[in-house]
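Below is one structure, written out as structure tokens; comments come after it.
The values are calculated or read from the model by the stated rules, or taken from the named source; none is laboratory data. Quantities reported herein were computed from a predicted structural model and do not represent experimental measurements. Cβ sites come from the backbone with ideal geometry, for glycine too, and all protein chains shown count toward neighbours. When the accessible area is computed, the model is the full protein with side chains, heavy atoms only, and any ligands, DNA or RNA have been set aside. Shrake-Rupley method; radii C 1.70, N 1.55, O 1.52, S 1.80 Å.
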Amino acid sequence: MPPPALPILPYLSSESPTGTASALTRKFGPETANYFSGSPLNRLSWLRSDHLFLRAAFSHPSAKFLLMNSLGPMVSGEDDQSHLGFASVEDVKSLLGSGEEVFKSEEEVVKGFDSEEVFGKTTGGGRGERVVIFLGVELDDSPKGEGNTEKEDGQEGKGEVFEWKGFRGTPYFAVDVTPREADGEQGNAKAEELIKRMEGEGKGHVFLSASPRGMGLEAGHAAMYGQARALIDWNARNPFCAQCGQRTISVHAGTKRVCPPTDKGQDRAPCATRGTVSNLSFPRTDPTVIMAIVSADGTKVLLGRQRRWPQYWYSTLAGFQEPGESIEEAVRREVWEESGVTVGRVVLHSSQPWPFPASLMIGAIGQAVPGDGEKIFLGHDAELEDAKWFPLEEVKEALHKGASNMGESAPEGYVEGALRLPPQTAIANRLINAVVEGWWTMPKI
């Protein structure tokens, strides 16, 4: 299966080298959009706290629901795994209930918190917390239709096309439908029944695995899946308050968790999040630097491999950015720790959301310091099995004949023993490609 195309950002599509490019593009060159970015949705993030908006969007007939089973997305079908499959509000009501039941104000949720009702005294004793994520609205730029020009009080979101305070289009949500013991026997059965119905003859959808390997979703759908996966996983990983250890509850359509002061109307143990540090817990994003390092003379690129990777497979170096260091400092530190190479100048190239589980890959290109700065030494950090300087011509050949998802066979024309590289859906590939194409030396437009 050929790799999916990279996203094309509509707000950059009007730019061209012929003279319509912006001043920034003329100075710094075209922007690179990586896989898992470029969502077609407007997140309308300030409306996540508006339960009336969420209810209206959830209940609208046009609303679409991305179902996730063990973090794997539902796709159109066995023969079409490049597009997400979506359920309707009627499909999910049996599992979730009505919009009024799903979305309440933060004040209502906190005041009515009952840990026993939600989580039970023992595993499986409650109804479970099935978080519904608001992903955004695919805005409709067409003129407003008859009857949709003005809304009377109480009529927002009730037209043929969903509309709210001037925004009109199709609302999208994500729901974790994984059958779980914690949901109790009834909730578990409802989840299993919904999955069975979605996969049945009438629908024909299938659920993919949650692994990035073999992911072939088209770019816009990959971005939507990435957003949904990261938020569902974050909620699942954070059921307890990091400050006091008590149960938390999800609000704002899955983008915030709170530690309620009461449980069934009774005061809970004190927690600092309700005072000086505020009652907040927001989704985590881990900044990770990933870099293509060019030799001092510009003829080679530094690549490394881990022991668990397939034979002949190499990639760019990468590592988590630490507190108190800049991106450029993190690049230099990680390269030196993993390979012994000393890096001088560092330039940022692009970034990629990587929801496995919550990284933001910050892509950079750096150049090694001449002389001893280029010497490879693997004795600092045991992460890499090997690191090498590869001539650009060899790397260019590998981009054409040796790039594929890890675990997949090499493309046609690959010669056994030649260099293997990540596919274009990985930012590592884009960085390597930028080096080969001379991005770091090319004069800007």
Shape category assigned to the range 221-379 from the gyration tensor of Cα positions, a/c cut at 1.5:
prolate
I'd like the trypsin sites (Lys or Arg not before Pro) in the range 273-345 restricted to DSSP loop residues with at most 16 other Cβ atoms within 10 Å, sorted by number.
284, 307, 308
Shape descriptors of the range 251-296 over alpha-carbon atoms, Rg and Dmax in angstrom, are 19.3, 67
Among all lysine pairs in the range 184-291 that are eight or more places apart or on different chains, how many have alpha carbons less than 30 angstrom apart?
4
Roughly speaking, what is the stretch gain from residue 203 to residue 23, that is 0.36 nm per residue apart minus the C-alpha to C-alpha distance, in nm to one decimal?
59.9 nm
Extended-chain gain in nm, criterion 0.36 nm per residue less alpha-carbon gap, residue 78 and residue 101:
4.9 nm
Set the Förster radius R0 to 60 Å, insert the Cβ-Cβ distance between residue 437 and residue 244 as r into 1/(1 + (r/R0)^6), and round the FRET efficiency to 0.05.
0.70
Just the accessible area per residue of the chain, please: how many Å² with a 1.4 Å probe?
49
So what is the diffusion coefficient of the chain in µm² per second by Stokes-Einstein at 25 °C and 0.890 mPa s, using a Kirkwood Rh over Cα pairs?
100
Heavy-atom accessible surface of the chain: percent carbon and sulfur, 1.4 Å:
51
Taking a ≥ b ≥ c as the square roots of the Cα gyration tensor eigenvalues, with a/c under 1.5 meaning rounded and otherwise prolate when a/b beats b/c or oblate if not, the range 1-103 comes out oblate
Could you tell me whether the range 290-445 comes out rounded, prolate or oblate from its Cα gyration tensor? Rule is a ≥ b ≥ c as square roots of the eigenvalues, rounded for a/c under 1.5, then prolate if a/b exceeds b/c, otherwise oblate.
rounded
How far apart, in nm, are the 7 Å Cα→Cβ label points at residue 213 and residue 337?
2.6
Please give the charge dipole size of the chain, origin at the Cα centre, charges +1 on K and R Cβ atoms and -1 on D and E Cβ atoms. Round to the nearest 20 debye.
620
